[in-house]
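Below is one structure, written out as C-alpha cells; the observations come after it.
The values are calculated or read from the model by the stated rules, or taken from the named source; none is laboratory data. The structure presented is a predicted model; accordingly, all values stated were derived computationally and were not measured. Every residue, glycine as well, gets a Cβ built from its backbone with ideal geometry; the counts of neighbours run over all protein chains shown.
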Amino acid sequence: MYYYSVNSNDKMFHSEGCGHIKTIKSENLRAFDSVDRAHRAQYKYCPCCSPVGKRLKKELEDVKAFCKKKGLVCFTYEDNLHIYTNRNHWQVVTAEDREHMDLHKRSALGGNDAVYSRQNFRADTIMEYAEHIAEADKFRLEDYIVA
Ligand SMILES: [Zn+2]
C-alpha cells in the first residue's frame, strides 16, 4: 500500500514505513494499492521513501563528489536523479517494478523536445549508474575538456 493525505498541497505518496506517514492526520490518511494508481491521481513518489530516494539518502554526497570530479552536472528532481553531460541527459528513476532503479537517457542536443529512452543497464547503487554514465560519455567529455 502507498499512503497519502487527501488534504495535502504537495500531493506526495509514501511507501510503508516512511516517517512522513505519521505526520498525516488519521482523518486525512488514505492509501493507493499501486504506484500506477497514485501516478494517475497526479501524486508523486516521496523523495524519502522511493527506491531512488532511499539510495540517494545513502549516496547523494558521494555521487555529487564523483560527478564534480568528472565534470558532470548532477541534481535531484522529485524522486529522480539527473546527470547531464555535454552530450546526454541521464535520469535515474524508479523502475516499473517499483523495486529497482532504471536509467533513462536523451540527447542533450535535442533540447527539451528530445525523448528519454530506457537503457539496458541496471545497477543496485546510484554510484554504479554515475560510473556507467561517465564511462559512456567519456571520450566526449575528454574532447570537451581539451577543447
Ligand atoms: Zn515518504
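Taking (1) modelled with pLDDT of 90 or more; (2) within 19 Å of residue 95 (Cβ to Cβ) in turn, residue 35 satisfies each apart from (1). As for the range 44-61, it holds no residue that is of a type in the set (Phe, Trp, Tyr), more than 25 Å from residue 122 (Cα to Cα) and within 16 Å of the ligand (Cβ to nearest atom). Go through 94, 85 for me and flag whichever is among the hydroxyl-bearing types (Ser, Thr, Tyr), touching a residue at least 24 places away in the same chain (Cβ under 8 Å) and farther than 29 Å from residue 40 by Cα. Exactly one of 94, 85 is among the hydroxyl-bearing types (Ser, Thr, Tyr), touching a residue at least 24 places away in the same chain (Cβ under 8 Å) and farther than 29 Å from residue 40 by Cα, namely 85.
The numbered conditions (1) charged (D, E, K, R); (2) within 30 Å of residue 6 (Cα to Cα); (3) over 13 Å from the mean Cα position of the chain (by Cα) are all true for residue 61 except (2).
Considering only residues in the range 15-34 that are free of Cβ contacts under 8 Å to residues at least 24 places away in the same chain and part of a loop (DSSP other than H, G, I, E, B), the one that is farthest from the ligand (Cβ to nearest atom) turns out to be 25. Residues in the range 77-84: is at least one closer than 21 Å to residue 137 by Cβ, of a type in the set (Val, Ile, Thr), surrounded by 17 or more Cβ atoms within 10 Å (Cβ to Cβ) and within 15 Å of the ligand (Cβ to nearest atom)? No: the range 77-84 contains no residue that is closer than 21 Å to residue 137 by Cβ, of a type in the set (Val, Ile, Thr), surrounded by 17 or more Cβ atoms within 10 Å (Cβ to Cβ) and within 15 Å of the ligand (Cβ to nearest atom).
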